[in-house]
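Structure first, commentary second.
The values are calculated or read from the model by the stated rules, or taken from the named source; none is laboratory data. The structure displayed is predicted, hence computed values, not measured ones. Here Cβ is always computed from backbone atoms with ideal geometry, including for glycine, and neighbour counts include all displayed protein chains.
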Amino acid sequence: MLMTMVMGWTVAGMVLEGASVDREGMTPYTRDRTPSPVDPCARLGRAAAVGHAVVCALCRRYLPYRAIGRHRPRQQAPFGTTADIGTADLSDIAAAQWALNGAAPAIDCIGLPYPEHSRNPVRLRTAVEAAQRDRMGQPAQVADRDPFCAGACHLSRGASLAMTIARDGAAMGAYPERIVCLTEETTETLYLLGEGHRVVGVSGYTVRPPEARQKPKVSAFLNARFDKIEALRPDVILAFSDLQADIAATLVRRGFAVFTFNQRTVAEILQMIRILGGLVGCGERAEALAGSLADGLVRIREAATQFPYRPRVFFEEWDDPLISGIEWVEELIEMAGGAGIYPELRGRRLAKERIVDPADVARRNPEVVIASWCGKALRKATITGREGWQQIAAVQHDHVYEIKSTYILQPGPASLTEGVQQLHALLARVVEADAGRAGHPVPR
């Protein structure tokens, strides 16, 4: 049965290929009628591929796999038709397939002989390498005469590459065009990169930038509206940290592509920006943005060198249980001119690992208390009324402050700009108010 089908595909393909071959049957032509020499093995392979496409079209049984093209806009098309993507996209196809690594629907390269091989990363890599050698005029290897590899060489010289339309009936571009962001920092980063038009869904906690709040809200931090996400037909969903691991797992089981970031330090935030830029095809802009943010932190650090001393700071991320600051916050406190009172906990990535005893905080006697309760409004009386805290320097001198979580607990551009700037301004106020008072044990 299989042999009969293969022979049928090949014969049908040869009939159609006849219009594109010279009278001697030796030199196939590209669509612009320029000769494109290829060995008989490749011609036979392409003939089989064309025959395969015809048979599939007649039977209306195209496999529902996604097609990847180079910078092509999304175009609606009936399910089961083919998309003529073009030959320059072969490397993009390979890159996408290698990235998928079998975890998502594979790519069906109808324009290549034996398209099932395009769903094998090793076979696809071999074909792409053969095409690259062919374009560079390098000697062919024995493996290059394989019909799949030879077909890839032929396509790379100018022939078309037809692939099936995506399951949802839309041809995809080389980079994600419909993105759902489950936290604010990826949304803001995409807008800063000039790619806000790609965002189709956001977290309900999104504040920055203001225009992003007009997008459909599909999640809180610990839960998501899966029906709304599915209706948005995202190409990729961006999540954050172990706290959204269950959401991410559910989305993956539903067939979505999910990228979960887990940045906890300033360096990792800058890396996240670069990675996200790469995901949407604007790596240079992402590098420029990361560099600009890093330069801003240098300026803050230089300004903080003017402080006569570093105030002792307790940053509380939550009030009950009492949780000290995550690492990027503690790093920003140092850059802004302060000294965290829990340096031994700053590297603990999980919140439960940074729970502290209120009595221990009192013993460490912070000069400044800065609270940001993950979206919950600050109640200053909760802090000043804790047992034993009336003797803390921060409470005695009224240096208890709040920074909104959207500015300081967002592991993205906000914390590296507005967040650190607010930290620096508060610490400058403390230093100025305490000028001339003795007893500051923390040296510069």
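The table below lists the values:
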item: Selection count where residues are touching a Gly at 6+ places or on another chain (Cβ under 9 Å) and either free of Cβ contacts under 8 Å to residues at least 40 places away in the same chain or not assigned by TED's automatic domain parsing to the domain that holds L409 (or both), scope the stretch 312-332; result: 3
item: Scan of the stretch 324-358 for residues that are among the aliphatic types (A, V, I, L, M) and closer than 21 Å to G412 by Cβ, ordered by number; result: I326, V329, L332, I333, M335, A336, L350, A351
item: Filtered residues of the stretch 334-351 (kept if touching a residue at least 60 places away in the same chain (Cβ under 8 Å) and part of a loop (DSSP other than H, G, I, E, B)); result: G337, G338, R349, L350
item: Residue match in the stretch 352-371 (condition: modelled with pLDDT under 95 and either on the phi > 0 side of the Ramachandran plot or not in a helix (DSSP H, G or I) (or both)); result: no
item: Residue that is buried (at least 22 other Cβ atoms within 10 Å of the Cβ), of a type in the set (D, E) and farther than 19 Å from T187 by Cα, where the choices are E330, E302; result: E330
item: Count - residues of the stretch 372-398 that are in a helix (DSSP H, G or I) and among the basic types (K, R); result: 1
item: So D227, is it assigned to a helix (DSSP H, G or I) and farther than 27 Å from A351 by Cα; result: yes
item: Pairs where the first residue, in the stretch 399-420, is assigned by TED's automatic domain parsing to the domain that holds E334 and part of a helix (DSSP H, G or I) and the second is buried (at least 20 other Cβ atoms within 10 Å of the Cβ) and of a type in the set (F, W, Y), C-beta under 8 Å, 6+ apart; result: S415/W328
